[in-house]
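Visitor: Have a look at the structure that comes next, please.
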Amino acid sequence: METIMFAMRRYLIAAVAALLLVTACESEEGAGEYAPPVEEPAVEESPAVTGAGQPPAGGELCPNGEEIREKWDLWACGTRLRGANLYQRRVYPELDGPEFMGPGPVGPPVVQADFDRLAALGANYVNLSHPGLFAENPPYEPDPDIEANLDHLIEMAARADLFVVISFRTGPGRAEFGFMIEDVGDWFDESYLNDSVWEDRDAQAAWAGMWRYTAERYRHNPVVAGYDLMVEPNAGALLFEIYDPEEFYASYAGTTYDWNQFYPPIVEAIREVDPDTPLLVGAMGHSAIAWLPYLQPTDDPRTVYTFHQYEPIMYTHQEPGLFGNLPNTYPGEFDLDWDGEPETFDRGWLEDLLTTADGFRASHGVPVAVNEFGVMRWEPGAAAFMDDEMAIFEELGLNYALWEWEPSWEPLLEDSLAFNFRLGPDPDNRTDPVPNDLTDAIVSCWERNSVRPSNVGFGTP
């Protein structure tokens, strides 16, 4: 499980890069100089919203109007998918002990009731943040235990009437520990680190092979609504401690470290066997929104471009201080851009931040989605923050999945469960779901879902 300390550092990427961009649900239904390929359109406006985040019927990306005839319609026709991430990683018994992450090979364990509870609250999709199907070390072969686990998750999601996005955290040349690098020397040592994929073209080719294999395996599964090619590409921060996209691309554009050259062969490999399932692609910089303008789209007509939204980090990841003090509130005023002066933090600030996503969509004529976002459950004003943020997602017609949906595995309760909104604002409550405003805000948006595998033509075998 990722530590909170690393999460703070991880999203410093977005906080620093956001300086380049931000000087700035309610009840409505080759290296060298590099410039971002996207410019903000001069007079481009968002499509008019009709109902719950739906653009007008007949738009260029939405040829079937509001009718859902194929998986692409779930992504191209306004907000149709609202759900959560479910996280698993490989289990390391020598590190995790016999109970914490379960018996393995993947943990924490997830049961049918976990999916059923998610669906009962109104969610209609789950983003499976999961190990890739190939081994992390050569010869990069399929791992039958990982396959069996993913098969089982998808089967349980289908029984709960949930769509699934398969998101690979790891794979050839990429281990989970790169997400937890701040913990090196704490509960694991450097021997567990593996991020060779950013320097090894054989590993990159194997990553494409892994996705071809995966697509061949799941292309006919009616609940699999998308393939997310890599969770949070991160070469700049991990290898060079570069958090500014301009600085990174000035030195590393076109090299093996550049996701823009890495991911197109993955797209090609998938399309050799599966021309239809939507693909999800986030930018470098852990997919922070500030890096989105630097992501170069391919000509694949069924790709969704994504970002993760945890801004501002000094609010969303604020830990209780002395006597439980949490000084940064929503709405409120505090230093948002590291200049030592307070700025106003409110819905207007969020709207300014998210114009980047709307600009990318308008410039390229592609769908955009948010497949991770969230706030620690104890933050002052968390319910209002999430309510406003999800309302903006709806206005922009974005699908979204919050972080995270915690399984009911009891040994996890020794962890902080910072993003388990069902536990309410008390950091010391680690066991009992309680009525709370944050849950109400989330559920009020999820309840707007009307599309499920059971009521679309392609959604059942």
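Visitor: Is there any pair linking a residue in region 430-447 that is under 19 Å from LEU81 (Cα atoms) to one that is assigned to a helix (DSSP H, G or I) and of a type outside the set (Lys, Arg), with Cβ under 7 Å and at least six apart or on different chains, and which?
Guide: So the pair list comes out as THR439/PHE421; ASP440/ALA383; ALA441/ALA383; ALA441/MET386; ALA441/ASP387; ILE442/MET386; ILE442/PHE421; CYS445/MET390.
Visitor: In region 295-332, which residue that is of a type in the set (A, V, I, L, M, F, W, C) and in a loop (DSSP other than H, G, I, E, B) is surrounded by the most Cβ atoms within 10 Å (Cβ to Cβ)?
Guide: Start the filter on region 295-332 by keeping residues that are of a type in the set (A, V, I, L, M, F, W, C), which leaves 295, 304, 307, 313-314, 322-323, 326.
Filter once more, so that each one left must be in a loop (DSSP other than H, G, I, E, B): 295, 326.
On the way: LEU295: 25, LEU326: 18.
Top of the filtered list is LEU295.
Visitor: Go through (1) more than 21 Å from the chain's Cα centre (by Cα); (2) polar (S, T, N, Q); (3) assigned to a helix (DSSP H, G or I) one by one and return the number of the condition THR356 breaks.
Guide: (1) is the only condition that THR356 fails.
Visitor: Restricting the search to region 271-294, which residues are part of a helix (DSSP H, G or I) and either farther than 28 Å from GLY374 by Cβ or in contact with a His (Cβ under 6 Å, 6 or more places away or on another chain) (or both)? Talk me through it step by step, then tell me what you get.
Guide: From region 271-294, those part of a helix (DSSP H, G or I) are 271, 285-287, 289-294; that's our starting set.
The answer is ARG271, SER287.
Visitor: Still on this structure, please answer the following. Scan region 333-353 and tell me whether some residue there is surrounded by fewer than 21 Cβ atoms within 10 Å (Cβ to Cβ), among the aromatic types (Phe, Trp, Tyr), part of a helix (DSSP H, G or I) and at pLDDT 95 or above.
Guide: Scanning region 333-353 turns up at least one residue that is surrounded by fewer than 21 Cβ atoms within 10 Å (Cβ to Cβ), among the aromatic types (Phe, Trp, Tyr), part of a helix (DSSP H, G or I) and at pLDDT 95 or above.
Visitor: Still on this structure, please answer the following. Could you check region 403-447 and list, in sequence order, the residues that are over 30 Å from ASP96 (Cβ atoms) and either out of contact with any Lys or Arg (no Cβ under 7 Å at 6 or more places or on another chain) or among the aliphatic types (A, V, I, L, M) (or both)? Before you say what the answer is, go through the steps one by one.
Guide: Step one: list which residues in region 403-447 are over 30 Å from ASP96 (Cβ atoms), which gives 435-437, 440-441, 443-447.
Those that are over 30 Å from ASP96 (Cβ atoms) and either out of contact with any Lys or Arg (no Cβ under 7 Å at 6 or more places or on another chain) or among the aliphatic types (A, V, I, L, M) (or both): PRO435, ASN436, ASP437, ASP440, ALA441, VAL443, SER444, GLU447.
Visitor: So which residues in region 155-185 are assigned to a helix (DSSP H, G or I) and either within 18 Å of TYR140 (Cβ to Cβ) or not β-branched (Val, Ile, Thr) (or both), if there are any at all? First the steps, then the outcome.
Guide: At the first step, the residues of region 155-185 found to be assigned to a helix (DSSP H, G or I) are 155-159, 176-183.
Residues satisfying the conditions are GLU155, MET156, ALA157, ALA158, ARG159, GLU176, PHE177, GLY178, PHE179, MET180, GLU182, ASP183.
Visitor: Pairs under 7 Å by beta carbon, first residue at negative phi in region 362-375, partner polar (S, T, N, Q) and part of a loop (DSSP other than H, G, I, E, B), six or more apart or different chains?
Guide: ALA369/ASN399
Visitor: Further question on the same structure: Can you tell me which of ALA391, ALA383, ALA369, ALA362 is of a type in the set (A, V, I, L, M) and buried (at least 23 other Cβ atoms within 10 Å of the Cβ)?
Guide: Working: ALA391 fails: buried (at least 23 other Cβ atoms within 10 Å of the Cβ); ALA383 fails: buried (at least 23 other Cβ atoms within 10 Å of the Cβ); ALA362 fails: buried (at least 23 other Cβ atoms within 10 Å of the Cβ).
Unique residue meeting the criteria: ALA369.
Visitor: Let me ask another. Among what's in region 419-447 and is touching a Phe, Trp or Tyr at 6+ places or on another chain (Cβ under 8 Å) and assigned to a loop (DSSP other than H, G, I, E, B), pick the residue that is surrounded by the fewest Cβ atoms within 10 Å (Cβ to Cβ). Even if it seems obvious, please write down each step before you answer.
Guide: So the first thing to find is which residues in region 419-447 are touching a Phe, Trp or Tyr at 6+ places or on another chain (Cβ under 8 Å), and the list is 419, 425-427, 436, 438-439, 442.
Subset that is assigned to a loop (DSSP other than H, G, I, E, B): 419, 425-427, 436.
Numbers: PHE419: 22, PRO425: 18, ASP426: 13, PRO427: 17, ASN436: 18.
Only one residue tops the list, namely ASP426.
Visitor: Still on this structure, I have one more. What is the residue count in region 73-109 for residues that are part of a loop (DSSP other than H, G, I, E, B) and crowded, with 23+ Cβ neighbours inside 10 Å? Quick ask: steps written out before the conclusion?
Guide: Keep residues of region 73-109 that are part of a loop (DSSP other than H, G, I, E, B), which gives 77-81, 88, 91-92, 97-105, 108-109.
From what's left, crowded, with 23+ Cβ neighbours inside 10 Å: 77-81, 88, 101, 108.
Residues that pass the stated criteria total 8.
The values are calculated or read from the model by the stated rules, or taken from the named source; none is laboratory data. Remember, predicted model here, so these are calculated numbers, not experimental data. Methodologically, a virtual Cβ is constructed for each residue, glycine included, from the backbone with ideal geometry; neighbour enumeration extends over all protein chains shown.
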